[in-house]
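*Asks:* Encoded as structure tokens, here's the structure I'll be asking about.
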Amino acid sequence: MASGTELQILRIIRDEGGETTPGLVSRKLGSSWGIDYIRLLCNSLGRDDYIDVLKSGKLIITAKGMQAVGDK
């Protein structure tokens, strides 16, 4: 189950229309969150099927991810 920062990431992706980039997520979380750490968390969310991480770097929320944050 996603929690804490992972839920924040899922909410950002949801609020951006269901897809975004790690760079935008990092900016929205604040300057203290480095892009490498965000990518690490996103890869973890991808392994757990909350998001799809494309080769291009784009992040797309899945149905499981939407369920975790609640549909808006």
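*Asks:* Determine the dipole magnitude for the chain: charges of +1 sit on the beta-carbon of Lys and Arg, -1 on that of Asp and Glu, nothing else is charged, the reference point is the Cα centre, and the result goes in debye to the nearest 20. Intermediate results must be reported in sequence, preceding the final value.
*Replies:* Numbers: 10 positive and 9 negative charges, 27 e Å.
Rounded to the nearest 20 debye, it is 120 debye.
*Asks:* Follow-up. What percent do you get for the relative contact order of region 5-69 when only Cα pairs under 8 Å and 6+ apart count?
*Replies:* Details: 79 pairs, mean separation 25.1, N = 65.
Once divided by the residue count of region 5-69, the mean separation gives 39 percent.
*Asks:* What angle do you read, to the nearest 10 degrees and between 0 and 90, between the alpha-carbon axis of helix 35-47 and the longest principal axis of the chain?
*Replies:* 20 degrees
*Asks:* Quote to one decimal, in nm, the extra length available between TYR37 and LYS58 on full extension: 0.36 nm per residue of separation minus the C-alpha distance between them.
*Replies:* Numbers: separation 21, 0.36 × 21 = 7.56 nm, distance 1.57 nm.
Residue separation times 0.36 nm, minus the Cα-Cα distance, leaves 6.0 nm.
*Asks:* Show log10 I(q)/I(0) for region 5-69 at q = 0.16, 0.22, 0.28 Å⁻¹, two decimals, from a solvent-free Debye sum over equal Cα scatterers.
*Replies:* For the requested q values the scattering log ratios are -0.40, -0.79, -1.33.
*Asks:* Go ahead and estimate [θ] at 222 nm for the chain from helices alone: -39,500 (n - 2.57) per DSSP H run with n ≥ 4, summed, over the residue count, rounded to 500.
*Replies:* Values: 4 runs with 39 residues, N = 72.
That calculation yields -16000 deg cm²/dmol at 222 nm.
Rule-based calculations on the coordinates, nothing more; no lab input. Values in this document were obtained by computation on a predicted structure and should not be read as measured data. When we count neighbours, we look across all protein chains shown, and the Cβ atoms used for this are built from the backbone with ideal geometry, even at glycine.
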